Amino acid sequence: MDTIASLFSFITTPVSWIIVQFHKLYGALFGADSGWAWGLSIVSLVVLIRICLIPLFVKQIKATRGMQALQPKMKAIQERYKNDKQRQSEEMMKLYKETGTNPLSSCLPILAQSPFFFALYHVLANIANGKTIGVMDQQLVDSAREAKIFGAPIAAKFMDSPEKVEALGASLTDVRIVTAVMIVMMSLSQFYTQRQLMQKNVDLTVKTPFMQQQKMLMYIFPVIFAVMGINFPVGVLVYWLTTNVWTMGQQMYVINQNPTPGSKAQDQYLTRLLKHVTSHGEVKSRGKKKVVAAIVAKGPDRNDNERKFITALTKQGLAAQADGSVIKSVVATADSDAASGGAAKRQQPKRQSKSQRQTPPSKPSSKK
């Protein structure tokens, strides 16, 4: 890990500078040597990085959905050229090129975070050894080295020896309890994030190997993080736990506001939208109008969730328009008029008694 971190040493100066700036702010509130001041500085570093990565996150969502949309075509190619792996790869690349899809785009946020992650690890490793790094002078290094989060120094690791932990002014028991709890929380947050994605935001109408791979990753990633976590300093665990929580919250927002077509989340979203439309008689927000307009534009290509939404609108006497607005349905109004006003205009003949029906009509008399 130290070798990998050293490869990203070029970014340690800006990372250390950002941490120092946040430390000045939190140090004024909690004390310069407080673990909260240093811990919150790391948390703020994560938030800043993740805000900068939001455009990449949006690109990741588009890439993931593009891959999901291509799954039926990819499966057809695999079945068609199952005995010719080279032709299969060529056809796959051709499909990616035609659709403008890049399978690696879904990994962009993680790849973009990597330099900052390893640079932070490099900074904390030097702090643990009492060495200056980046813009951090010896005074700041000593302050960070002695700072503790719940009794565990931010530079300590789960696998550190008792002697090394004692040199940091802490007990091995405190370090292992704190790091174990953070590793478990880090792994659980990773598992929940992936599970939430698989259960709510995947097109359930498409069963492909891609879904099976995602399901496997749901169990593999938390295990990988748990194994790697025992070699992470407390400060890095704070970093990774914070970024996992951010990802989980960010994904919750996307699932609720912009779900994948055909997913369970889309069904729930359209149910909420239908309730809103029937209550107010219109679509107010620009985002909701875009959703309705997209459904209208699909026409016969709508999925089951979207067809159910349009049908439910019709039953409520409403019709979705191409611009995303909703108006009172002309067809429903006509049917309603025919069933009420139209029927009232037609006069029913009076019922005759039995004697009247049996008596033949009298012939008109002719005058001579």
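Derivation of every value follows stated rules applied to the coordinates shown; laboratory data play no part. Quantities reported herein were computed from a predicted structural model and do not represent experimental measurements. Counting neighbours? That spans all protein chains shown, and the Cβs are built from the backbone with ideal geometry, glycine included.
For segment 151-297, the alpha carbon convex hull comes to 126 Å³ per residue, rounded to a whole number. Rounded to the nearest 0.05, the FRET efficiency derived from the C-beta distance between Glu79 and Ile230 at R0 = 56 Å is 0.80. At the listed q of 0.11, 0.22, 0.27 Å⁻¹, the Debye profile of segment 212-296, built from one uniform point per Cα, gives log10 I(q)/I(0) equal to -0.51, -1.08, -1.34. In order along segment 291-306, phi translates into HN-Hα couplings of 5, 5, 4, 5, 5, 5, 5, 5, x, x, 8, 5, 7, 4, 4, 6 Hz, rounded to whole numbers, per the Karplus curve 6.51 cos²θ - 1.76 cosθ + 1.60 with θ = phi - 60° and x for Gly and Pro. Annotation: amide H of Lys148 within the under-5 Å range of Gly35, sequence separation 5 or more or interchain, hydrogens built in the peptide plane. Ranking of Val43, Val234 by neighbouring Cβ atoms within 10 Å, starting from the fewest: Val43, Val234.
Residues whose amide H comes within less than 5 Å of that of Leu168, counting only those at least five positions distant or on another chain, are absent (H built at 1.01 Å from N in the peptide plane).
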